1. Please find, within the stretch B:87-111, the residue that is nearest to the other protein chains (Cβ to nearest Cβ) out of those that are of a type in the set (A, V, I, L, M, F, W, C), part of a strand (DSSP E or B) and out of contact with any Ser or Thr (no Cβ under 7 Å at 6 or more places or on another chain).
2. Out of everything in the stretch A:1-11 that is surrounded by fewer than 24 Cβ atoms within 10 Å (Cβ to Cβ) and without any contact (Cβ under 8 Å) to a residue 60 or more places away in the chain, what residue ends up being farthest from B:G13 (Cα to Cα)?
3. Within the stretch A:86-103, does at least one residue satisfy the condition of being buried (at least 24 other Cβ atoms within 10 Å of the Cβ), under 14 Å from the mean Cα position of the chain (by Cα) and more than 10 Å from every other protein chain (Cβ to nearest Cβ)?
4. Please go through the stretch B:155-171 and give me each residue that is at the interface with chain A (Cβ under 10 Å from one of its Cβ atoms) and either exposed (fewer than 11 other Cβ atoms within 10 Å of the Cβ) or more than 26 Å from B:I103 (Cβ to Cβ) (or both), ordered by number.
5. Residue check: is A:G31 at pLDDT 95 or above and facing chain B (nearest Cβ under 7 Å)?
6. Is it true that some residue in the stretch B:60-77 is hydrophobic (A, V, I, L, M, F, W, C), more than 19 Å from A:K25 (Cβ to Cβ) and not in a strand (DSSP E or B)?
7. Considering each of B:E54, B:E76 in turn, give the residue that is over 22 Å from A:V67 (Cβ atoms), within 7 Å of chain A (Cβ to nearest Cβ) and charged (D, E, K, R).
8. Output the number of the condition that A:G75 fails; it satisfies all remaining conditions of (1) buried (at least 21 other Cβ atoms within 10 Å of the Cβ); (2) small (G, A, S); (3) outside any helix (DSSP H, G or I).
Amino acid sequence: TVGAVALDGDGRLAAATSTGGFNNKPAGRVGDTPVIGAGTYARNGVCAVSCTGQGEVFMRRVAAYDVVARMSYAGQTLRQATDALVLDMLSSHRIGAGLVAVDAAGNVAMPFNTLGMARGWIAADGRLRVATHKD
Amino acid sequence: MPSPVIAIHGGCGTLAADLQSAADWAETRAHLAAALRAAWRILAAGGAALDAVEAAVVVLEDSPHFNAGHGAALTEDAVHELDASIMDGATMAAGAVCTVRTIRNPVRAARAVMERSDCVLLAGAAADAFAQAHGLACVGNGYFTTERRVQALAALKARAARGTIALASEAERHG
């Protein structure tokens, strides 16, 4: 699964996700990626989210929307909302999970509970960074 | 107004070093950087976040190192069924496709669904036909296949035949 989130100079937020699913998946099986609110979500003024991991759990938890809701209604920061989701995915569902998210102020969160997550970002300083493990 | 930002992922999991050669890892990182640059060119020129996320995902779909587009996992029937979505936070508009088999860049089809249909999600052969009707690049299903995925599927099926699939690692299961 691959995904991207962006904040532009006019303050607009967007998210996109694309996937092949998983190895040996049943024919017709669909995970969270194409389900708006589960694997992908964006709302101006709050944040944009793109998820990766075992899709069935993200669907049941409406995970991407959950991050937006935690920030909108519970006043959580991007970091608090995304950490809560990913760490809970591990403790409650024992599944590998990760996501990238950016909020309206340009803060970036990229939590994951697996050994690694291929990821990259360019923030306000314009510096390009990529990583694969907890490096 | 805030400074532009782009962030991407190429999937999470074991990413065990021994699953890929050093050259593969170097190319994986290079393709991540290429995706960021594709998005940043748009943002730095005052472009929209929506265009930036689509551009970044297209680069990753075209890379053999990620489970999307070229390089995607195989189903139990040894074919590719791909899913993608996109959402514009400014308008709450969204588009998605699922279980498509012939669209070279599924994220572009997701955007076409968002902008050129009344739907949010189109599925299967109808989504493939919609993409073709809207002039998107279409390919044979084999375009998405890589040797690594063929071997991964064979390994998992061999485990199933031996009755040891429960011992399969996360990397074997999900790729």
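The values are calculated or read from the model by the stated rules, or taken from the named source; none is laboratory data. Values in this document were obtained by computation on a predicted structure and should not be read as measured data. We place every Cβ from the backbone using ideal geometry, glycine too, and count neighbours over all the protein chains shown.
1. Of the stretch B:87-111, the ones of a type in the set (A, V, I, L, M, F, W, C) are B:87, B:90, B:92-94, B:96-98, B:100, B:103, B:107, B:109-110.
Subsequent filtering for residues that are part of a strand (DSSP E or B) retains B:87, B:93-94, B:96-98, B:100, B:103.
Subset that is out of contact with any Ser or Thr (no Cβ under 7 Å at 6 or more places or on another chain): B:93, B:97-98, B:100, B:103.
Values: B:A93: 10, B:V97: 6, B:C98: 4, B:V100: 9, B:I103: 10 Å.
That would be B:C98.
2. A:D10
3. The answer is yes, given that some residue of the stretch A:86-103 is buried (at least 24 other Cβ atoms within 10 Å of the Cβ), under 14 Å from the mean Cα position of the chain (by Cα) and more than 10 Å from every other protein chain (Cβ to nearest Cβ).
4. Result: B:A155, B:K157, B:R159, B:A160, B:I165, B:A168, B:E170, B:A171.
5. So A:G31 passes the test.
6. Among the residues of the stretch B:60-77, at least one is hydrophobic (A, V, I, L, M, F, W, C), more than 19 Å from A:K25 (Cβ to Cβ) and not in a strand (DSSP E or B), which makes the answer yes.
7. Among B:E54, B:E76, only B:E76 is over 22 Å from A:V67 (Cβ atoms), within 7 Å of chain A (Cβ to nearest Cβ) and charged (D, E, K, R).
8. That leaves (1) as the condition not met.
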